[in-house]
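The structure appears below as structure tokens.
The values are calculated or read from the model by the stated rules, or taken from the named source; none is laboratory data. What you are looking at is a predicted structure, and each value in this text was computed from that prediction instead of being measured. Please note: Cβ atoms are built from the backbone with ideal geometry, for glycine as well, and neighbour counts cover all protein chains shown. Keep in mind that these areas ignore ligands, DNA and RNA; they rest on the heavy atoms of the full protein, side chains included. Shrake-Rupley method; radii C 1.70, N 1.55, O 1.52, S 1.80 Å.
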Amino acid sequence: MRGYHYFRVAPVIKEGKAKLTPTSSELQLLEMLIKQRLDLAVISQATLNYYFKIHPDWKSQLHYSKTPHEQYYRALLSPKE
């Protein structure tokens with residue numbers, strides 16, 4: 001996605017082994033995959049699950065890795081009061 005930086009992907013692009021196609025949304029990435037305009041995309045599992053509910057037929061048209069590309073730690077913060 002436009003504005004995102006994927007540390008593991010950047011070196012592959014720099015070496016010319018892959019081409020970056022900036023998009024404005026994860027939905028656009030999925031649509032491009034379905035139309036075979038991309039070979040692969042990086043997308044969050046939560047977003048993928050959401051779009052699979054809206055477009056259940058996509059699940060049979062796409063393969064996704066069981067191993068996440070990256071993992072992030074997130075914390076919930078709130079005021080002490």
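Taking the listed residues Ala46, Ala18, the one that is of a type in the set (A, V, I, L, M, F, W, C), at pLDDT below 90 and not in a loop (DSSP other than H, G, I, E, B) is Ala46, with no other qualifying.
Report whether or not Lys53 is part of a helix (DSSP H, G or I), open to solvent by 70 Å² or more (accessible area, probe 1.4 Å) and touching a Phe, Trp or Tyr at 6+ places or on another chain (Cβ under 8 Å). No: the conditions fail for Lys53. None of Arg74, Arg8, Arg37 is touching a residue at least 40 places away in the same chain (Cβ under 8 Å) and of a type outside the set (Phe, Trp, Tyr) except Arg8. Among the conditions (1) over 20 Å from Arg8 (Cα atoms); (2) surrounded by 10 or more Cβ atoms within 10 Å (Cβ to Cβ), the only one that His69 does not satisfy is (1).
Pairs meeting the criteria (first residue in segment 17-30 and within 24 Å of Tyr50 (Cα to Cα), second residue of a type in the set (Ser, Thr, Tyr) and assigned to a loop (DSSP other than H, G, I, E, B), beta carbons under 9 Å, at least 6 apart or on different chains) are Glu26/Ser44; Leu29/Thr21; Leu29/Thr23. One residue stands out among those in segment 20-44 that are under 18 Å from Phe7 (Cα atoms) and among the polar types (S, T, N, Q): the one that is surrounded by the most Cβ atoms within 10 Å (Cβ to Cβ), which is Thr23.
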